[in-house]
Amino acid sequence: MRLQSFLMLLAVLLGSYLAILTPFTHYMNRKPYEEKLGVIPRAEVLQIVSGDQKQFLAASIITKVIMYYGSLFEKDSTKFSVPPDYPAISRAIHAALKIDPYNMDGYYFAQAVLAWDVGKVDIANSLLDYGMRYRTWDWYLPFFAGFNHAYFLKDYAAAAEYYRRAGELSGSDLFKRLAGRYMQESGRTDLAIAYLFAMEKGEKNPAIRKTYQIRLSAFRDVRRIEVARDKYLEATGTFPVSVELLVQNDFLSPPPVDPYGGRYYFEPDGKVTTTSKFAFAPRKSSGESNEGRGKN
């Protein structure tokens, strides 16, 4: 009798699971990736009906997100064909990781996109802290969190603690050196380069690896400009008024090129930045382009 009740409950759960998953999967398979990701059932519902298929379901959702993002990015090396639906991406990643908190791709993708492209560092950090409770062996998660606190939030005490944890898990002194060398404002560009280099080498997904390679190229040019700026200051006693001035006076060669399509410039305090803000601008529609030309 107990076995019969269990089998009936299992049948109900499986039926509910298929009732939710099958239409969603069918819809997602047929719709163009350029459209928005849409709405998926609440994670609490998926947790109940997924049974022992939690890992498969979470992996399927994250794979859809990665394929969607990659399809937009790969269409053009300098522009998105349409703006990515970042809120839907965030919701999908959160749901997938709630179903399966051990899925590493979800945390890595969230770090690559939410922290950098969307600027939602707090959301990325909350996911990383959540993941550390489960992936207790994974040194990448505290490594990500340490970088976020140092580079984006300038919370060097928290960053040092995350780097310490990453060092303990990895058995490497790299993170201790990072904590000691880069926990000051003057080292933030070097910190970004070290982080992006490590991420680019370890990333297996081509679309995400491309984002790291492009960002790494941009920050290496930032570092070249910083070195040229300091040499100009030492030689003349004044800060250069523009990056172009450094090029014209042979302090910077070849001229830096922002891979995001922007222009490097100096802020009033001498900091190097770019008009692109290290992010791709969405491609304008033909109507927007024509309207813009008409106003000129």
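Each value in this text was obtained by applying a stated rule to the coordinates, not by laboratory testing. Just so we're clear, the structure is a prediction, and the values are computed from it rather than from any experiment. Here the Cβ is made from the backbone with ideal geometry for all residues, glycine too, and neighbour counts use every protein chain on show.
In segment 192-248 the Cα-Cα distances spread across 10 Å bins starting at 0 as 23, 36, 22, 16, 3 percent of all pairs. Residue separation of Ala157 and Thr238 scaled by 0.36 nm, minus their Cα-Cα distance, works out to 25.8 nm of gained length. Taking the average, over residues, of other Cβ atoms within 10 Å as the packing measure, peptides 102-109, 192-199, 150-157 rank 102-109, 192-199, 150-157 from highest down. Amide H to amide H, with H built 1.01 Å from N, Asp258 comes under 5 Å of Tyr264, counting only residues 5 or more places away or on other chains. Gain on full extension, evaluated as 0.36 nm per residue between Phe56 and Gln213 minus their Cα-Cα distance, stands at 53.5 nm. Legend: residue pairs Lys98/Lys204; Lys154/Lys201; Lys54/Lys98; Lys98/Lys120; Lys64/Lys204; Lys98/Lys210, Cα-Cα distance threshold 21 Å; pairs beyond threshold, Lys98/Lys204; Lys154/Lys201; Lys98/Lys210.
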